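Just below is one structure, and these are the notes that go with it.
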Amino acid sequence: MMKNTSKETTRVLIIAGSLRIGGAEKVAADIGFYADPQKYTVHYVVFGSETGAYEPELTACGCRVFHFPQPSESYSGYLRELKQLIRTYHYDVIHAHTMFNIGWAMLAGRLDGVPVRIAHAHSALAERRSIKVRLYEAVMRFMILTCATDDVACGVKAGERLYGRRRFQKSGKLILNGIDTQGFAFNAERRVAFRKELGLDGRFLIGHAGHLAAVKNQGFLLELMPEILKERPDAYLLLLGEGDDRPMLERKIRELGLEEYVRMTGNVRNVPDYLNAMDAFALPSLYEGMPLSIVEVQSNGLPCVISDRVPKDVFLTELIQPLPLENKAAWVRAICAAKREHSEEYAARLMKSGFDVQTAMEKIYEIYERKENDCKTGCR
């Protein structure tokens, strides 16, 4: 995408939180990657000083990225800075992906007359929270429900969680997280070559991809490995991703004596190569919204053993096997029994199911275009 600052473009502000590798972050970044520069000027707000993996590519495309302090440092300060940014660039659309901090963006957009104000839910979070957190969430939800012009969600549970069941069923918009389905199609030649490149040819490769954080529950997989190795001595675990839990996970690997059986790759951009190399995939998350990794994995034909806490929205093929986290023995059996599909047909099936990134982006841009029409009336 080439840079275009013409006043004729639709000016879009994306509140992304971060631009590191992740599901919600990828959706936010794809908006800039796929936007027509003759029609859209896209800016981003992220929290903190970290330069996320997608940021250099977005700036190379002509997008601008503004780094703000974490809202929790000063909510009034965040609101003030956001309002100043809106007044400076006169945005037509503000599109927020930051769960309960979305409320501030919707309020700022309404106060400064941004015609299209989109709240985008990505999480079906439902764990127990403190009274203080629940009060804050209630305030944020009130801001969203009174200031957003559009309620978007990546899955039904995520939408009902943020907006309430009645409202989401009545006026919510379901936009599935999209991927480049053909880019994730199984490739037999790449499988052979990349397994040799990894030095893991002949191993039973178990994979996981995700931000290294408590909610993703990677420690659970490490705890399974000693039992898996009893059944499959050739087993090897690949953990793709980066995050704050890395030191804890590295310590756990040492404590369990798994140094020869686990590799932490950090963030990688050639995810399809890793999926081609794997024999099974595991996602023991405590909760999810619409995990892109599971859509990618199914497109590749990988059997997936996942937590039964993951929304059924991603149960797109027979490759999915949901299991309760309380039953570790069942996880061991399912992973060890996994049979890898060497077929490209799954990518085509996923595209037909509506999970293609082009389809998802077109639906988002359709909402943006309403700035010239009914959204001129402001908040509903």
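Which one of 88, 146 is β-branched (Val, Ile, Thr) and over 21 Å from residue 171 (Cα atoms)? Going through 88, 146 in turn, the sole match is 88.
Across the range 116-162, the qualifying residues are those that are in a loop (DSSP other than H, G, I, E, B) and touching a Lys or Arg at 6+ places or on another chain (Cβ under 6 Å), and the one among them that is farthest from residue 309 (Cα to Cα) is 149. Taking the range 1-91 and the helices (runs of 4 or more DSSP H) fully enclosed by it, the elements with 1 or more residues that are over 24 Å from the mean Cα position of the chain (by Cα) are at 75-89. The single condition among (1) touching a residue at least 24 places away in the same chain (Cβ under 8 Å); (2) out of contact with any helix residue (DSSP H, G or I) (no Cβ under 9 Å at 6 or more places or on another chain) that residue 275 does not meet is (2). From the list 194, 186, the one residue that fits, being under 22 Å from residue 348 (Cα atoms) and either surrounded by fewer than 23 Cβ atoms within 10 Å (Cβ to Cβ) or outside the structural domain of residue 120 (by TED's automatic domain parsing) (or both), is 186. Residues of the range 337-352 include none that is touching a strand residue (DSSP E or B) at 6+ places or on another chain (Cβ under 8 Å), free of Cβ contacts under 8 Å to residues at least 40 places away in the same chain and not assigned by TED's automatic domain parsing to the domain that holds residue 52. Listed by first and then second residue, the pairs with beta-carbon distance under 6 Å, at least 6 apart or on different chains, first residue in the range 241-260 and on the phi > 0 side of the Ramachandran plot, second crowded, with 16+ Cβ neighbours inside 10 Å and part of a helix (DSSP H, G or I), form an empty list.
Condition test on residue 258, is it within 20 Å of residue 305 (Cβ to Cβ) and either in a loop (DSSP other than H, G, I, E, B) or within 17 Å of the chain's Cα centre (by Cα) (or both)?
Numbers: within 20 Å of residue 305 (Cβ to Cβ): yes; either in a loop (DSSP other than H, G, I, E, B) or within 17 Å of the chain's Cα centre (by Cα) (or both): yes.
Here the answer is yes, as residue 258 does meet what is asked.
Of all residues in the range 296-332, those that are in a helix (DSSP H, G or I) and under 15 Å from residue 240 (Cβ atoms) total 3. The lone criterion from (1) in contact (Cβ under 8 Å) with a residue 40 or more places away in the chain; (2) surrounded by 14 or more Cβ atoms within 10 Å (Cβ to Cβ); (3) out of contact with any Gly (no Cβ under 6 Å at 6 or more places or on another chain) left unmet by residue 164 is number (1).
For the range 72-98, residues that are within 21 Å of residue 137 (Cβ to Cβ) and surrounded by fewer than 22 Cβ atoms within 10 Å (Cβ to Cβ) total 8.
The values are calculated or read from the model by the stated rules, or taken from the named source; none is laboratory data. Every value quoted in this text rests on a predicted model; they were computed, and no experiment measured them. So basically every Cβ, Gly included, is an ideal-geometry build from the backbone, and we count neighbours across all protein chains shown.
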